[in-house]
Ligand SMILES: [Zn+2]
């Protein structure tokens, strides 16, 4: 198969995503009062409603509706005042009532968009024909959201001895209804994504947004956030869509990217050989790095959708919507803009810090602990040093930034110190003193070492005067060695240059 970049020169990829997110932060299920916890004993959290017993009546969870309205407001959606629940029929033991309660043509929130900042290669023409490309090669991709609707999750099935998710071949199947009835929101994008990288960025941004809202833990490993993707190709310049395939099991950012990349190349190969792409659902196999056919697509008619007679239509009041709006916290984009405006941070740095809610709140505590002139060092530390540590406090990170800004430590030494203090609460300054790591910036003491090194390295001094300025690096190394690493390399460099030029 040809490489992705090559394929994308001839073909335009049309990508859409469907993202399911469990509202894991709620206490109870969507239509009953059962505890929302998947980790309990199997079938501990069940009742007549979520087991679909005859006569049981559903009662919608108001907090879940607040969550979906907040999700809509945070993604620039319109809140649909009137919407209702439908029954989507299918027969499978993971839903004992034989239908899933979901929404029909009108969802709680619809017609939104998220703007992606894409850097580097691959600026693709947008559906409206524009390309907004900046000088640095980055561009903004506005991705429209068709809808976010509410539905309920099904039970978890464990097919012993059979293939994952299939009854065929299993000797025994176990069902855990704890998950059945978990409030789930499904977001559907318009087919506006053009590259696997854009799809990955969209998922990442959506995840950051939902975590910031506090509506889900958005764990792709645990399956509380799941993504399906569909992709079709058309020759560059064409306007009609090709036949699309849908892909399942994209349960990590990497899987999402790699599966789309594989599928784009596979479709290009089929089309270039004169074949036709079949409309089908395919399964991504990460270990074999390929997609395989799961089933040929069913149509919507097969589900016999109709309005649920047990659930009255919703009429969301202004008061309710405003209450949801008031609960939407500062979102990553607004945070990024504030960081740039307040601290003059580089946009790329601000995007990184503001994107992850935990990192952002950590930064906002640490930044008040340092003097203004140390803030750039703090930002540098938080982007390049601390992400590999788990148990650091804001005070420890502020302290490391201060030591670095004062040239008392090199970056490598700072990493060593953080390894020591990680998870202990110990003060980095004390560790530096105890271990004698503090770099000397005492000009007299360092000057004496420089004199001794220059005395010893006459041939390098000669080379310097003959125009070979690179020997300074060697001389700094000699000084560092002579000071047993306690000298500050930047100061050695300055002193050496001064003395050599004198
Ligand atoms: Zn229940």
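The listed residues are 479, 457, and the only one of them that is at pLDDT 90 or above and surrounded by 12 or more Cβ atoms within 10 Å (Cβ to Cβ) turns out to be 457.
Please determine whether any residue of segment 70-86 is within 15 Å of the ligand (Cβ to nearest atom), surrounded by fewer than 17 Cβ atoms within 10 Å (Cβ to Cβ) and more than 12 Å from residue 215 (Cβ to Cβ). Checked segment 70-86: no residue is within 15 Å of the ligand (Cβ to nearest atom), surrounded by fewer than 17 Cβ atoms within 10 Å (Cβ to Cβ) and more than 12 Å from residue 215 (Cβ to Cβ). Could you look through segment 346-403, keep only residues that are in a loop (DSSP other than H, G, I, E, B) and in contact with a helix residue (DSSP H, G or I) (Cβ under 7 Å, 6 or more places away or on another chain), and pick out the one that is surrounded by the fewest Cβ atoms within 10 Å (Cβ to Cβ)? Applying the filter and picking the extreme gives 389. Please determine whether any residue of segment 26-48 is in contact with a helix residue (DSSP H, G or I) (Cβ under 7 Å, 6 or more places away or on another chain), within 15 Å of the ligand (Cβ to nearest atom) and modelled with pLDDT of 90 or more. Yes, segment 26-48 has at least one match.
Filtering segment 61-69 for residues that are in a loop (DSSP other than H, G, I, E, B), surrounded by fewer than 19 Cβ atoms within 10 Å (Cβ to Cβ) and away from the ligand (no atom under 11 Å from the Cβ) leaves an empty set. Residues in segment 91-114 that are assigned to a loop (DSSP other than H, G, I, E, B), touching a strand residue (DSSP E or B) at 6+ places or on another chain (Cβ under 7 Å) and over 17 Å from residue 307 (Cβ atoms): 2 in all.
Set side by side, the residues 163, 154 differ, and just one is over 13 Å from the mean Cα position of the chain (by Cα) and modelled with pLDDT under 90, which is 163.
The values are calculated or read from the model by the stated rules, or taken from the named source; none is laboratory data. In this text, all values refer to a predicted model and were calculated from it rather than measured experimentally. Virtual Cβ from ideal backbone geometry, glycine too; neighbours counted across all protein chains shown.
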